[in-house]
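The values are calculated or read from the model by the stated rules, or taken from the named source; none is laboratory data. Everything numeric here is computed off the predicted structure, so don't read it as measured data. Glycine gets a Cβ as well: all are built from the backbone with ideal geometry, and neighbour counts include every protein chain shown. These area figures cover heavy atoms from the full protein model, side chains too; ligands, DNA and RNA do not enter into them. Shrake-Rupley method; radii C 1.70, N 1.55, O 1.52, S 1.80 Å.
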Amino acid sequence: MHSKSFGDRMLDVFVYGFLILLGFSTFYPFWNGLVISLNDGMDTALGGITFWPRKWSLENYYVVFRDNRIMNAFMVSVARTALGTILSVLCTAIFAYGMTKKELVGRKFYMVMCIVTMYFGGGLIPTFLVIRGLGLMNTFWVFIIPGLISVWNMIIFRTFFMGLPDGLEESAKIDGCGNWSTFFRIILPLSGPVIATLGLFTAVAHWNEWFLPSIYITNEKLLPIQSMLQQILSTNIMTEQMSKLDSAAQSRMTAMKSVTTKSLSMATMMVATLPIIAVYPFVQKYFVKGVLVGSLKE
């Protein structure tokens, strides 16, 4: 094996250096937020907190977990993400499977209509009027029903299904399976990688959504964690947070004076971010296979 030339070595140094800087610039904001959330709030206000807490404190998380509104918003996000992901992936996969059938009358027309929606939308006001007309305002189902079908995910599912051997369905039909039995007993079990990948993308989209709830939801009990975090970041609600605590907790927080709006917002951000990040390692192995396998055949 011949040694690399000076130019090749310099290129390696540049590439690795660039990737290290890119990785650092991506990771550091999250790390800094974690550090601030674990540092005393009043000490953080003095500045200079970068890579490590200067004065360790868990009081920020104490306030977060004692606030019933934040915990309720967290459970709303969990329920929305779990139910929304399952129903969206299932409905999209069923739709995609139907679009693979050559005997479907008007299949190309339906496909064109689906693709049109990827480039053109009705806009915020018409969508709002539709949601209100359907009676979904201030209901949990406003998080689920509008996002049941994703055209982009449907195309990936459809392409993946079309890449499966035709003999699978023919064998299933010989054994007496109909379309539904074939889909749930044959097609769906073989779609693990693409389901895991698109399921994660859908879950992240549900978990991170904060804008639509601010439009369709006025009941505070239905706000997800991201919307609650947005309120914390945009308004000073420290006084409200303190008023929600019992008298003993208020006395403790007043005595310690260790929580500020910034430290509280960082702690809330960690609570809102870590759960979805924890999912990545379990489905990471499906990423490349799940996405690429759905783009091999059209």
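Among F183, F14, F157, the largest mean-square fluctuation in a Gaussian network model of the chain (Cα springs under 10 Å) belongs to F14. If R0 is taken as 30 Å, the Cβ-Cβ distance between L90 and A278 corresponds to a FRET efficiency of 0.80. Distance distribution P(r), the range 151-231, all Cα-Cα pairs, bin width 10 angstrom from 0: 15, 32, 20, 18, 12, 2 percent. For the chain, the spherically averaged projection of the C-alpha convex hull amounts to 24.1 nm². Ligands, DNA and RNA are left out, and with a 1.4 angstrom probe the accessible area of the chain is 59 Å² per residue.
For the range 18-58, the alpha carbon positions stretch 36, 18, 11 Å along the principal axes, listed from largest to smallest.
Of I115, I186, I174, the residue with the greatest mean-square motion in the GNM of the chain, using alpha carbon springs below 10 Å, is I174.
Maximal additional length on extending the V130-I215 stretch stands at 29.3 nm, based on 0.36 nm per residue less the C-alpha distance.
The share of C-alpha pairs in the range 1-118 whose separation exceeds 24 Å stands at 67 percent. For the chain, modelled as a GNM whose springs connect Cα atoms under 10 angstrom apart, the maximal fluctuation among N72, N153, N219 occurs at N219. On full extension, the segment bounded by W180 and A82 gains 32.9 nm, given 0.36 nm per residue less the C-alpha separation. Using a probe radius of 1.4 angstrom, the carbon and sulfur fraction of the accessible surface of the chain is 69%.
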